[in-house]
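Enquirer: Structure in structure tokens, see below.
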């Protein structure tokens with residue numbers, strides 16, 4: 001990440017003197033529109049919502065419970081998916097872990113366990129061997145995991161992640177992109193609530209997401 005969450009919060013606060021509202025978000029304040037919209041994996045009225053995240057990011061961990069509740073509340077209005085931010089480059093171990101779990105159909109099941117390992121148990125799952133050892137102790141067959149971990153499909157997705165992040169103009173996490181075009185984040189939402197309390201900032205972020213999902217759906 002080129003800028004930390006806190007640095008972006010401070011920048012957002014200083015950048016705008018406009019009266020902002022998370023329920024009526026303003027372009028350039030609470031969200032930005034990507035100059036090149038990205039393809040979405042949805043059809044009809046359903047709106048795609050993509051979260052860029054990292055397992056070791058404390059703000060992603062703190063945002064997770066609110067985000068999960070929000071996704072459930074949306075029901076069939078949205079298709080939600082996650083994209084791991086490759087912090088250490090195209091071979092990032094955390095991103096590799098997520099993509100492997102996703103390919104096995106276990107990413108959502110394991111999401112809280114991985115966050116707990118990082119932020120509660122304080123495990124350093126930043127090396128391939130440490131990750132593979134941890135996974136094998138948490139209900140996943142080691143041989144099957146390794147087969148998927150080393151598969152062509154997962155390796156290809158892993159190598160493409162830096163370009164994906166560049167295409168979506170993601171510079172910090174957590175960041176959310178709605179309908180392939182509207183990008184927002186807690187750091188941007190802070191401009192609306194003028195606060196440093198994470199619950200307030202996350203609440204504002206979800207309100208901005210509500211507004212952008214409604215806007216995207218209305219345009220379909």
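FYI, it's all coordinate maths here, none of it is from the lab. Since we're looking at a predicted model, the values are computed, not measured. So basically every Cβ, Gly included, is an ideal-geometry build from the backbone, and we count neighbours across all protein chains shown.
Enquirer: Roughly how compact is the range 66-187, stated as its Cα Rg over 2.2 N^0.38 Å to two decimals?
Expert: Ratio of Rg to 2.2 N^0.38 Å for the range 66-187: 1.09.
Enquirer: Measure nothing but the geometry: give the 0 to 90° angle between the long axis through the Cα atoms of 198-219 and the longest principal axis through the Cα atoms of the chain, rounded to 10°.
Expert: The angle comes out at about 80 degrees.
Enquirer: Could you work out the percent of alpha carbon pairs in the range 105-159 separated by over 13 Å, rounded to a whole number?
Expert: Summing the P(r) of the range 105-159 above 13 Å gives 65 percent of all pairs.
Enquirer: Beta carbons within 10 angstrom, averaged per residue: use that to sort the peptides 35-45, 151-161, highest first.
Expert: Ranked from most to least packed, the peptides come out as 151-161, 35-45.
Enquirer: Related question: Most exposed first by the Cβ proxy, i.e. fewest other Cβ within 10 Å, how do 83, 177 rank?
Expert: Taking fewest neighbouring Cβ atoms as first place, the list is 83, 177.
Enquirer: I need to check one value: relative contact order of the range 82-220, counting alpha carbon pairs closer than 8 Å and at least 6 residues apart, in percent.
Expert: Over the range 82-220, the number comes to 21 percent.
Enquirer: What order, most packed first, do the peptides 117-124, 91-98 have when packing is the mean number of other Cβ atoms within 10 Å of each residue?
Expert: By packing density, highest mean first, the sequence is 91-98, 117-124.
Enquirer: Once the convex hull of the alpha carbons of the chain is built, what does its volume come to per residue, in cubic angstrom?
Expert: 121 Å³
Enquirer: Another one. Taking 30 Å as R0, compute the FRET efficiency from the Cβ-Cβ separation of residue 108 and residue 26 and round it to 0.05.
Expert: The value I calculate is 0.35.
Enquirer: Can you figure out the FRET efficiency of residue 220 with residue 120, using R₀ = 35 Å and their beta-carbon distance, to the nearest 0.05?
Expert: 0.30
Enquirer: Where does helix 152-167 land angle-wise versus the long Cα axis of the chain, in degrees 0 to 90, nearest 10?
Expert: Between the helix axis and the principal axis of the chain, the angle is about 20 degrees.
Enquirer: Against the longest principal axis of the chain, how steep is helix 58-74, in degrees 0 to 90 to the nearest 10, with axes from Cα atoms?
Expert: So the inclination is approximately 70 degrees.
Enquirer: While we're looking at this one, here's another question. Pairs of alpha-carbon atoms within less than 8 angstrom and 6+ residues apart define the contacts here; what relative contact order does the range 93-169 have, in percent?
Expert: 39 percent
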